1. Select from region 287-299 the residues that are over 26 Å from Val125 (Cα atoms), loosely packed, with under 13 Cβ neighbours inside 10 Å and charged (D, E, K, R) and list them in ascending order.
2. Out of the residues in region 269-315 that are basic (Lys, Arg) and not in a loop (DSSP other than H, G, I, E, B), which is nearest to Asp144 (Cα to Cα)?
3. Of the conditions (1) modelled with pLDDT under 90; (2) of a type in the set (A, V, I, L, M); (3) in a helix (DSSP H, G or I), Val125 fails just one. Which one is it?
4. Give all pairs with beta carbons closer than 7 Å in which a residue from region 253-269 that is over 17 Å from Val114 (Cα atoms) meets a residue that is in a strand (DSSP E or B) and small (Gly, Ala, Ser); count only pairs at least 6 apart in sequence or on separate chains.
5. Name the single residue that is farthest from Asp259 (Cα to Cα) among those in region 60-93 being out of contact with any Gly (no Cβ under 8 Å at 6 or more places or on another chain) and crowded, with 16+ Cβ neighbours inside 10 Å.
6. Among the residues of region 248-267, write down those that are of a type in the set (S, T, N, Q) and within 26 Å of the chain's Cα centre (by Cα).
Amino acid sequence: MANTFYTAEQVAKVAVAMATQDSFLGALVNRNFENDLLGGGGKGRTVNVRVPSALIARSRGIDDVTTNIVLDSLTETTVPVSLGEHIYNAVGLSEGDLTLNLEDFSKQVLAPQVDAVVESVEDEVAKALKSITLDTSIKWSDADPVKTFTAIRKELRKRGVPATNLNVVVGTDVYAALLDAKAITDASESGSTAALRDANVGKVRGFNIVESTRVDDGEIVAFHRDAFTLAVRAPIVPAGASFGQSISGGGYSLRYLRDYDVTKTIDRSMVSTFAGVAAMPLYKIERDHTAKTASVVEVPGGAALRMSISDAEPA
């Protein structure tokens, strides 16, 4: 497809404001396994995440010197996590583009390519969040929306989800309801550049509340950071590439390649990365102190909950 560029003499040097979707969801999920996935250290694209053993403490008399102690067995299981989409954008530039039309390669070519790849990674995270089974049991009240977050927190804590690193991604309608209820402070009024950049508008019932245009307007997605794993890794620069280097965009590692196809007299620019998102199961240890047994069981629903205020029971 042909590219159309305009020189400085043809148009004013004013960048048109582009409406883009929020790009910060990747910062809300676990990225601890990034070095083990997607070729990190030659380990391949699948990593086995350990599920710790479950043990139970035993007791014996203080003065008992005849009874043998009971030896328990350690049994670890693993959860295989396989990630790996090669996300890329490649463009071809004619000699006319390079010679006559392009004024700033970084701004006109490289920046849009990086933005396209980063947006795609963020979209993968959004898809993972929106794939959570919809819960319709929790009530919603426009007059007092905070009660909904109390109920969500209660449900997650009952499952054994830790009280720290709890996040909630909300749609614009939910965010507006929280603002009207004075439950949070608008980030645009806070004067905090960090709040504006991260879209972190405060806490409600222990949750970090984040507004996102990547979920439906009435959606609430509550989750622990470890409920999802994201891995992003720049592929290596091929030995045969005429030019290549690693770059970063949106907190992600990307690869940039550029070469010239003499058969078509075209310059090619490509930005890409390996990326993938996986939902992680939640486990808890159940102990029977009478039978002296301990087992690791998977928790139904995991460490995430998704609801829609339009489908919720009225308060």
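The values are calculated or read from the model by the stated rules, or taken from the named source; none is laboratory data. Please read these numbers as outputs of a predicted model, since none were measured by experiment. Cβ placement follows ideal geometry from the backbone for every residue including glycine, while neighbour counts extend to all protein chains displayed.
1. The one that is over 26 Å from Val125 (Cα atoms), loosely packed, with under 13 Cβ neighbours inside 10 Å and charged (D, E, K, R): Asp288.
2. Per the criteria, the residue is Arg306.
3. It fails just one condition, (1).
4. Between residues of region 253-269 that are over 17 Å from Val114 (Cα atoms) and residues that are in a strand (DSSP E or B) and small (Gly, Ala, Ser), the close pairs are Ile266/Gly92; Ile266/Ser94.
5. Selected residue: Val81.
6. Ser248, Ser253 - these are the residues of region 248-267 that are of a type in the set (S, T, N, Q) and within 26 Å of the chain's Cα centre (by Cα).
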